[in-house]
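The structure under discussion appears below in the form of structure tokens.
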Amino acid sequence: MKVLVINCGSSSLKYQVIDSDSEQVLAKGLCERIGIDGRLVYQKAGLDKEITDAPMPTHKEAVQMVLDALVNEKTGALSDLSEIGAVGHRVVHGGEKFTTSTLITEDMIKAVEECNDLAPLHNPANIIGIRACQALMPNVPMVGVFDTAFHQTMPKKAYMYGVPYECYENYKVRKYGFHGTSHSFVSKRVAEVNGTPYDATKTIVCHLGNGASICAVENGKSVDTSMGLSPLEGLIMGTRSGDIDPSAVEFIAKKENLDMAGAMNLLNKKSGVEGISGVSSDFRDLIKAKEEGNERAALALDMFSYRVAKYVGSYITAMNGVDVIAFTAGIGENTPTVRKAVCDYLGYMGVEIDDQINDAVHGDEKLISTPASKVKVYVIPTNEELAIARETVALV
Ligand code: AMP
């Protein structure tokens, strides 16, 4: 079956067409600047990218342009739209309502809408994408795959915050966690590669990208994760602060004369390694700056790895041990110095990586620990689109 995978943002739409039998990507790209002017990027497998500027007042026109490109006589990946057997939509927040991927129906959309206030920037955009696809492909089955669903197995002691219980009862304030599709995909894959049964392995997945989170996966179930009610909690990220004393937020807001929205903007968009270094959120820029003697870039890199190691250490305690640690996403797959720094903190418990192998791994699937290491350490490239396509096929 050919599956169209859609990941909608407020003014963007990323897509891939995946052949679920061969698991090959047939075409991929994105629509940008929806509602502003509009740009389509389209790439058929094996060919160069094509960029077309064209008006996209809404997501519906964007989806229409993607469909037109997919059946274009010269560069289309499909001969007819009827070849699309299903559409898989990434949906950011499923609250406590969705514990697995779900077939899209009117009731399901209503339930997603009820989660909108938990992810006011993301969920409405996801629903707009679903509606646009329904309008143009009314008879094609569609599935919603949630970032939060994988973490719904966390025990209550892990997901509750130490605030009045009524905040949970009345407003559902709790840790939800994100990147669930990636944590699920990578933890399954690393068990396969390691030759251990998924339901009898203790795994820690370090999803280190511009957004970054860690997940403790015990016997195939997420038991804790570093992001929270929103993606702001946990690790220091590209521009997000991660964990911070809430009193510091009030203190900064008073000093800088910021309202709540301004303070949240500072924590989400102006903090993280970019805010600390004053250089960039991109680890390639940070490493270059550090090599040139920039002390704040060096500090940002140190702080990033230290926070990752602290979370890994705490999840080893949460699971009373760990069999496998997996690094994934842009930084996890491509930055040997971060992997090395994190693993050095874990030397006390017998984690040892092979420096030569580690230094050579950029985006490949590879065991990077030494044979003597008490814990296996892997680099496992994540593939959220493929995971969404698999979930979609399983349900339709
Ligand atoms: P992601 O959000 O998973 O796409 O990861 C994005 C981040 O990965 C970028 O901001 C970079 O910091 C980092 N990254 C990607 N490629 C490389 C690379 N070749 N070397 C170092 N860092 C990289």
Taking the range 38-85 and keeping residues in contact (Cβ under 8 Å) with a residue 24 or more places away in the chain and touching a Cys at 6+ places or on another chain (Cβ under 8 Å) leaves 38, 40, 56, 59, 62, 63, 65, 66
When residues of the range 199-209 are filtered for being within 16 Å of the ligand (Cβ to nearest atom) and surrounded by fewer than 24 Cβ atoms within 10 Å (Cβ to Cβ), how many remain?
-> 1
State which residue is surrounded by the fewest Cβ atoms within 10 Å (Cβ to Cβ) when the search covers only the range 255-284 and only residues that are within 8 Å of the ligand (Cβ to nearest atom) and not in a loop (DSSP other than H, G, I, E, B).
-> 284
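Would you call residue 196 outside any strand (DSSP E or B) and within 12 Å of the ligand (Cβ to nearest atom)? Before you say what the answer is, go through the steps one by one.
On the way: outside any strand (DSSP E or B): yes; within 12 Å of the ligand (Cβ to nearest atom): no.
So residue 196 does not fit the description; no.
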Answer yes if at least one residue in the range 128-136 is under 20 Å from residue 99 (Cα atoms) and buried (at least 17 other Cβ atoms within 10 Å of the Cβ), and no otherwise.
-> yes
Hey, among the residues in the range 313-357 that are of a type in the set (Val, Ile, Thr), crowded, with 24+ Cβ neighbours inside 10 Å and closer than 18 Å to residue 217 by Cα, which one's farthest from the ligand (Cβ to nearest atom)?
-> 322
Mind counting the residues in the range 330-360 that are in contact with an Asp or Glu (Cβ under 8 Å, 6 or more places away or on another chain) and over 20 Å from residue 183 (Cβ atoms)?
-> 3
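Does the range 149-162 contain any residue that is over 21 Å from residue 91 (Cα atoms) and touching a strand residue (DSSP E or B) at 6+ places or on another chain (Cβ under 8 Å)?
Within the range 149-162, the subset over 21 Å from residue 91 (Cα atoms) is 155-158, 160-162.
Then drop every residue that is not touching a strand residue (DSSP E or B) at 6+ places or on another chain (Cβ under 8 Å), which leaves 155, 158.
The answer is yes; a qualifying residue exists.
Please determine whether any residue of the range 154-165 is small (Gly, Ala, Ser), within 16 Å of the ligand (Cβ to nearest atom) and closer than 15 Å to residue 226 by Cα.
No, because not a single residue in the range 154-165 is small (Gly, Ala, Ser), within 16 Å of the ligand (Cβ to nearest atom) and closer than 15 Å to residue 226 by Cα.
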Could you count how many residues in the range 289-312 are more than 16 Å from the ligand (Cβ to nearest atom) and in contact (Cβ under 8 Å) with a residue 60 or more places away in the chain?
-> 2
Give me the pairs, please: first residue somewhere in the range 313-335 and acidic (Asp, Glu), second residue anywhere and more than 16 Å from the ligand (Cβ to nearest atom), beta-carbon distance under 6 Å, and either six or more positions apart or on two chains.
-> 323/201; 323/202
Of 364, 354, 323, which residue is in contact with a strand residue (DSSP E or B) (Cβ under 8 Å, 6 or more places away or on another chain) and modelled with pLDDT under 95?
-> 364
Among residues of the range 38-68, those that are part of a loop (DSSP other than H, G, I, E, B) and closer than 23 Å to residue 134 by Cα, counted = 6
Tell me, yes or no, whether the range 288-300 has at least one residue that is among the polar types (S, T, N, Q), at pLDDT 95 or above, out of contact with any Pro (no Cβ under 7 Å at 6 or more places or on another chain) and farther than 19 Å from residue 226 by Cβ.
-> yes
Wholly within the range 105-192, which helices (runs of 4 or more DSSP H) include no fewer than the required count, namely at least 1 residues that are touching a helix residue (DSSP H, G or I) at 6+ places or on another chain (Cβ under 7 Å)?
-> 106-113, 123-136
What do you reckon, is residue 340 charged (D, E, K, R) and under 23 Å from residue 274 (Cα atoms)?
-> yes
In the range 210-254, what residues are small (Gly, Ala, Ser) and within 16 Å of the ligand (Cβ to nearest atom)?
-> 211, 212, 213, 226, 234, 238, 242
Would you point out which residue out of 149, 212 is closer than 26 Å to residue 1 by Cα and buried (at least 24 other Cβ atoms within 10 Å of the Cβ)?
-> 149
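The values are calculated or read from the model by the stated rules, or taken from the named source; none is laboratory data. The structure displayed is predicted, hence computed values, not measured ones. A quick note on method: Cβ atoms are made from the backbone with ideal geometry, for glycine too, and the neighbour counts reach across all protein chains shown.
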